Each structure stands twice: as C-alpha cells, then as structure tokens.
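To start, the structure under review is shown below, and the notes come after it.
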Amino acid sequence: MNRRSWTRWLDFFSDNRKSKIQNRKWAGFLALLGLLVWWMGMAEAQQPTKVPRIGYVQGRPGPRESDEAFRRALKELGYFEGQNIIIEYRWGDTMEGSLPNLFAEVIRLNPDVIVTGSTPAVLAAKNATRTIPIVMTHSSDAVRDGLVASLARPGGNVTGLSIFAPELTGKRLELLKETVPKLSRVATIWNTANPGNTPLLKDMEVAARELGLKLQSVGVRNSDDLEGAFATIARSKAGALNVLSDSFMAINRTLITGLALKNRLPSIYPSDGYVRAGGLMSYGLSLPAGFQRAAYFVDKILKGAKPADLPVEQPTKFEFIINLKTAKQIGLTIPPNVLARADRVIK
C-alpha cells in the first residue's frame, strides 16, 4: 500500500469513528429525551383527577323517592356516586330559617353545581351565590318569582324545571266539583311564607268563580298552625279541601292527610306522595320525574354548558291518582266518570 492510499484509509477510519461517536451522542440524547417524556406522562397520570361535586340541598327531611330518582338518572348518564361524582347532601326540617345556613355550608365546599327544589329554596340559593350554577327541580313560576329572566334564556346562574301551569289550580277544583257534585265551598290551605303561593291563590279564585264555588283561604306558617286551620275549616263548613304545592306542606303531608281524614273532608293534593300517605286524590307532576330530569341539567353543566344558556323546562304530563281506601273511610263514592280518568287507583 502506497503512502497516498494509507493516508486515505486513515482519514476514512477517523471520519467513521467520529460519525459513530456522534451517532452515539444523538442516540443518548434521544434516549434521555424519551425518558423525560415518559416521566412527565407518568407524573401527569398520577395527578389526582378533580371529581365533580354536587351540592344537594332540600328544605325537608330526606332521603325520599325523589332523591333516589335523581341518583338513578345520574347513573344512567355515567355518574357513579363515590367514584366520579361527589354529592354533598343537606336536609332541612322546615322551609324557614334553616335554608340560608344549609346553602352556606355547601358553598364553603366549592361545589360545581347546586341542586335544590321549591321556590323558597331556589331563592335562598340564589341569594347565597351568583356564580355557582343552580339547578331547580320544581319551582312554581321561575319567571314571575324572579328566579330567571325568561324560560328560553334564563340568564344568571339558575336553570332547571318550573312547574308553572296556572291551569292546574282550576283543574284540581274541577275534579273536586265532579267528585262531590253538590260542592259549594272549598277551603285552600297554603304556606304564607312561600311567595309563589300568592299568585296561585289569585288564579284559583278566578277558577272557583267560573265553577260556581266559594273559596276559603287558610294560610299557615308552621306545623303548629295546621290543627287550628282544620278547626277553622270545620267551623266554616267547607265541603272539600285543596292543598297548594309547597315543600312545607309536603313535609307535613302525613299530618295534613290525617286531619283531612279525621274531618271526613274530600281533598285534592298537588302530588302523589299525599295519596300514598292517605290523601284522597292528587293531580300534578310526578316529583320523582322532575328530579330525574334535573340530572340532565347537571350533566350539561358539568360538561361546560352555562345555566344562562340552558332553557328552563316545563312539565308536559300530569298524573291523576285516587285512593279508594280513603274514599271508603270518609264515606264517599267516586263517580264512575271520575274514576275512569284516573292514571292510578290505590285500593
């Protein structure tokens, strides 16, 4: 091998060696970079995922069938309590006094959304926070009561379901009239602390006049007033009783239906819970169905929707339920045409 060839071979060997060294350096760098990316991914995967929290506040003792309907609907939407959703429950004993404290407790837990029920409860929630989304399950008239700006565009932080249906008050009186054909005077018990009841009474007065009935308004503020209210009704010789929809009334439904039974007073109520407690008849929205639908709003909000943009919904289906056992106890025969219209009959 001549000198020139030998030099070329040495140059080739030197370049090849440098290339290998550079390749090893690049390989080491890429390996280090890959390790860093893997470590960052592992660290991110180990970060605890934020579990959504629901503040669930009801101005009544619980739990009840409606609450189970809400949880069941959440499961159908993929939310499992204790796994990927946390529900903070707070229950009240009456509609007055306890609600502000209950909402204050829940808000301190920084929930992603609050679920609550009737008009007084929603008002208390709205007074407690203007930022946390609020889903209402069964307010009376959300627009009239100042809970939302409109049904289509609620604005603010409140949405959900509103049971505004002025025809319900007239329908209940009509059913009482058909059940007791000679009826001339109807007593109405209502919670004076609920601002949603006052306009309902006005609607009822109009409906009563159209049916040729005299309406006796009996307002109460607490459970101690109920026995006195029934004594007043007995003295006035009212022929039937109508109870306005209200959480306070629902809390005391066993006492109310018991007093109606004791006074042998044909009565109609706003929901099926009263009939199961011994009431004669009910006509209204199924409350479990309303709570079930509330889960839909919770799901939308947790996925990024704003309450201001979620239209408030109204019920489209109502149930008429009759308790024949109670009818027999008060000596009342339900006319066949009324019985035929019942969605459910309890025997």
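Coordinate-derived values only; no laboratory data. All figures in this text were calculated on a predicted structure; none of them were measured in a lab. Cβ: placed from backbone, ideal geometry, glycine included. Neighbour counts: every protein chain shown.
Structure summary
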| read-out | value |
| --- | --- |
| Partner aspartates and glutamates for LYS177 [C-alpha distance under 15 Å; skip if fewer than 8 residues away on the same chain] | GLU205, GLU210 |
| Within the range 243-347: Cβ-based charge dipole about Cα centre, in debye rounded to nearest 20 (Lys, Arg +1; Asp, Glu -1) | 380 |
| Sequence-separation-based contact order of the range 236-302, relative, with Cα cut under 8 Å and 6+ spacing, percent | 27 |
| Positive-pole candidate from SER286, SER267, PRO307, dipole of the range 239-347, charges at beta carbon | SER267 |
| Extension gain, ARG64 back to ALA340 (0.36 nm per residue minus Cα-Cα distance, nm) | 96.4 nm |
| C-alpha center-to-center spacing [the range 86-144, the range 169-198] in angstrom | 29 |
| Extension reserve of the VAL206-SER223 stretch, reckoned as 0.36 nm per residue once the Cα distance is removed | 3.3 nm |
| Shape category assigned to the range 220-284 from the gyration tensor of Cα positions, a/c cut at 1.5 | oblate |
| Neighbourhood charge, 12 Å Cβ-Cβ cut-off, centred on GLY212 and excluding it, Lys, Arg +1 and Asp, Glu -1 | +3 |
| Charged-residue dipole, Cβ positions (Lys, Arg, Asp, Glu), the range 306-347 about Cα centre, Debye nearest 20 | 320 |
| Cα gyration tensor, the range 204-313 - rounded (a/c under 1.5), prolate or oblate | prolate |
| Global geometry of the range 93-223, whether rounded, prolate or oblate, following the gyration tensor of its Cα atoms and the 1.5 cut on a/c | prolate |
| Cα lying deepest toward the dipole's positive end in the range 93-197, options SER139, LEU183, GLY117, charges on Cβ | LEU183 |
| Cα lying deepest toward the dipole's positive end in the range 80-226, options ALA193, PRO100, GLY82, charges on Cβ | ALA193 |
